[in-house]
Amino acid sequence: MLELNNVEVIYDRVVLVLKGLSLKVPPHSIVALLGANGAGKTTTLKAISGLLQVERGKVTDGQVIFQGEDITNWDPEKISRKGIFHVLEGRHVFEHLTVEENLLAATCLRRDRQGIKEDLEKVYSYFPRLKELRRKIAGYLSGGEQQMLAIGRALMSRPQLILLDEPSLGLSPLLVNEIFHIIKEINRRERTTMLVVEQNARVALSVADYAYVMENGRIVLEGEPEKLKENEDVREFYLGLT
Ligand code: ATP
């Protein structure tokens, strides 16, 4: 479904952040992208969704291919119309709107009112807490609730591919498990493809079908989670095991 071939990214014409990165995300799968701070994970997602341009970044070599089409350096809006939804790190909901208004705002490209209504119920079935909070102003929600809302917003646009940036950030271990359980459920039931950037390797490897490890703008390791968990470097640096 998605393929990055030797992608190179430069910010401000000088800072080389991705140095020939290749990865594949097959249809209906969950792929995890792991790596330390500053490895270039967020940049990779921005190269796919086009948000790089907003920060004066550019793919200067290689290609981003989505469903057979070369979308390299397309406008973010055009890319989102193709069915890619980027859930940014740090949640990014409309703080002054209610929960339900936030969810509906994600459907502005859609005209099917019945479908929108059904999707709203679907989001509430994945996240019953959001239903309870639907008239509440989003800015007052807890971190975990805002993360649920950010994922709910993604679902409302019926995406083909969701890019999730650090869904575990700032959440308690219990909530992290809950959110990842729901991510897996959404993938299983809706068959939505997901590329998940995570620092919490343990939880990411528990739901992913395949994973890549990044270092310094490149992929240094890849494989199925079970295989990666056996790798000594992964055990030591990402899982805290010896
Ligand atoms: P983190 O988990 O800390 O977000 P990351 O793996 O997602 O790390 P990126 O955010 O992609 O890494 O950053 C990779 C490198 O690119 C860093 O060295 C960062 O300083 C640099 N960088 C990121 N955004 C910009 C920008 N807008 N302009 C210049 N350099 C940038």
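Summed over the residues of segment 2-239 and divided among them, the accessible surface reaches 49 Å² per residue at a probe radius of 1.4 Å. Of all the options SER80, SER22, SER142, the one that moves most in a Gaussian network model of the chain with Cα springs shorter than 10 angstrom is SER142. With viscosity 1.306 mPa s and temperature 10 °C, the Kirkwood radius over alpha carbon pairs of segment 57-116 converts through Stokes-Einstein to a diffusion coefficient of 113 µm²/s. Pairs from the table (LYS24/LYS46; LYS78/LYS184; LYS24/LYS184; LYS19/LYS229; LYS19/LYS41) lying more than 21 angstrom apart at Cα are LYS78/LYS184; LYS19/LYS229. Taken as entire DSSP H runs, the helices of the chain never both span 15 Å or more between Cα atoms along their own long axis and average 0.5 or more on the Kyte-Doolittle scale. A simple charge model with +1 on the Cβ of Lys and Arg, -1 on the Cβ of Asp and Glu and nothing else charged puts the dipole of segment 2-239 at about 780 debye relative to its Cα centre. Each principal axis of the Cα cloud of the chain was evaluated for its coordinate range; sorted largest first, these ranges are 45, 41, 29 Å.
The trypsin sites (Lys or Arg not before Pro) found in segment 1-92 that occupy coil by DSSP, while having at most 11 further C-beta atoms within 10 Å, are ARG13, ARG56. Most tightly packed first, judged by the mean number of other beta-carbon atoms within 10 Å of their residues, the peptides 162-170, 109-117, 185-193 read 162-170, 185-193, 109-117.
Taking label positions 7 Å along the Cα-Cβ direction at both ASN231 and GLU190, the computed distance is 2.9 nm, reported to one decimal. Here the accessible area of the chain is 48 percent carbon and sulfur, with a 1.4 angstrom probe and all protein chains present. Grab the beta carbon distance between ARG56 and CYS108, set R0 = 25 Å, and tell me the FRET efficiency rounded to 0.05. That pair, ARG56 with CYS108, gives E of 0.40. Centre-to-centre separation between the Cα atoms of segment 1-71 and those of segment 144-210: 19 Å.
The values are calculated or read from the model by the stated rules, or taken from the named source; none is laboratory data. Owing to the predicted nature of the structure, the values given are computational and were not obtained by experimental measurement. Heads up, the Cβs are rebuilt from the backbone with ideal geometry, glycines too, and the neighbour counts pull from every protein chain shown. With ligands, DNA and RNA removed, areas are computed over all heavy atoms of the protein, side chains included. Shrake-Rupley method; radii C 1.70, N 1.55, O 1.52, S 1.80 Å.
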